[in-house]
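A.B. asks: Dropping the structure in here first, questions after.
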Amino acid sequence: MEHNYMVEVDNVSMRFNLGIEKGFSLKQWFVDIGSGKKKEKKDFWALTDVSFKVKKGEVIGFIGSNGAGKSTMLKVVAGVMNPTKGGVKSYGNICPMIELGAGFDSQLTARENIYLNGAIMGYSKEFIDSKFQEIVDFSELHDFLDVPVQNFSSGMVARLAFSVATVVDPEILIVDEILSVGDIAFQNKSEQKMLSMINGGTTVLFVSHSIEQIKKMCDTVVWLDHGHVKMIGGKEVCDEYMRTMMG
């Protein structure tokens, strides 16, 4: 069945309980009970009633200051987190580049991690075999294939993860600040790779602190402010955001 939209986000809200998330200790609980102090619940709403739709082949960028809820939004769309309220529908295979290298085992070598990460992303061993050289060539890590990943710099880990993640053209690509990893040459190369995926019709949801990058790559911009949608539109949203930040 053909859908007009690749992603539909409908009134999504996401609550975190800071009281529990921030190192809940049983001892502290008994101390609080003993002193008659009721532990107040520190609910933090990272997202409140966020709705938007993404058309096939559209590149949608998320802007907003730190803590605005951008990364949380991407994790909800990627299925990494379940929203407290509301729902997300996606029509197509998703490649989330959110916490690059999160699926790596630091004890294993780069070579082993390519297969491990590929398996996590649902690729068969035969498929990885056929793409192995392409992954290695893109990552430029030929000399480090048999080195445990724990000895890699964060830039090397990101290069390896990006190379595995982009070996297929997914229908929906979710990117969180990916292009600020590695050296300038690799940043340019990964940006080119993303642009070729975009031009090939991939639908992209994208967070970046670089407003220039958002303006260059995105058709639609969603401005989040403290978990609320402040504005959705074209590149003019970037200008409005910059005006507010400067003011």
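A.B. asks: Give me the net charge of residue 71's neighbourhood, meaning all other residues with Cβ under 12 Å from the Cβ of residue 71; Lys, Arg count +1, Asp, Glu -1.
C.D. replies: Once all neighbours under 12 Å are counted, the net charge is -1.
A.B. asks: Something else now. Using helices alone, I'd like the mean residue ellipticity at 222 nm for the chain: each DSSP H run of four-plus residues gives -39500 (n - 2.57), total over residue count, nearest 500.
C.D. replies: Per the formula, -11500 deg cm²/dmol.
A.B. asks: Determine how many Å³ per residue the convex hull of the Cα atoms of the chain encloses.
C.D. replies: Spread over its residues, the Cα hull of the chain gives 166 Å³ apiece.
A.B. asks: Distances longer than 18 Å among the Cα atoms of segment 103-169: what percent of all pairs is that?
C.D. replies: Counting pairs separated by more than 18 Å, the tail of P(r) holds 23 percent.
A.B. asks: Structure shown: which of 85/131; 42/235; 125/235; 85/125; 85/189; 56/131 lie over 31 Å apart, alpha-carbon to alpha-carbon?
C.D. replies: Beyond 31 Å between Cα atoms: 85/131; 42/235; 125/235; 85/125; 85/189.
A.B. asks: Here's a follow-up. Counting other beta carbons within 10 Å of each residue's own, what order do 126, 58 fall into, fewest first?
C.D. replies: Ascending Cβ contact count within 10 Å gives the list 126, 58.
A.B. asks: Using Cα centres only, tell me the gap between segment 203-247 and segment 149-177 in whole Å.
C.D. replies: Centre-to-centre distance over Cα atoms comes out at 24 Å.
Bear in mind that the values in this text are calculations on the coordinates, not laboratory data. Keep in mind the model is a prediction, meaning the values are calculated, not measured. Glycine gets a Cβ as well: all are built from the backbone with ideal geometry, and neighbour counts include every protein chain shown.
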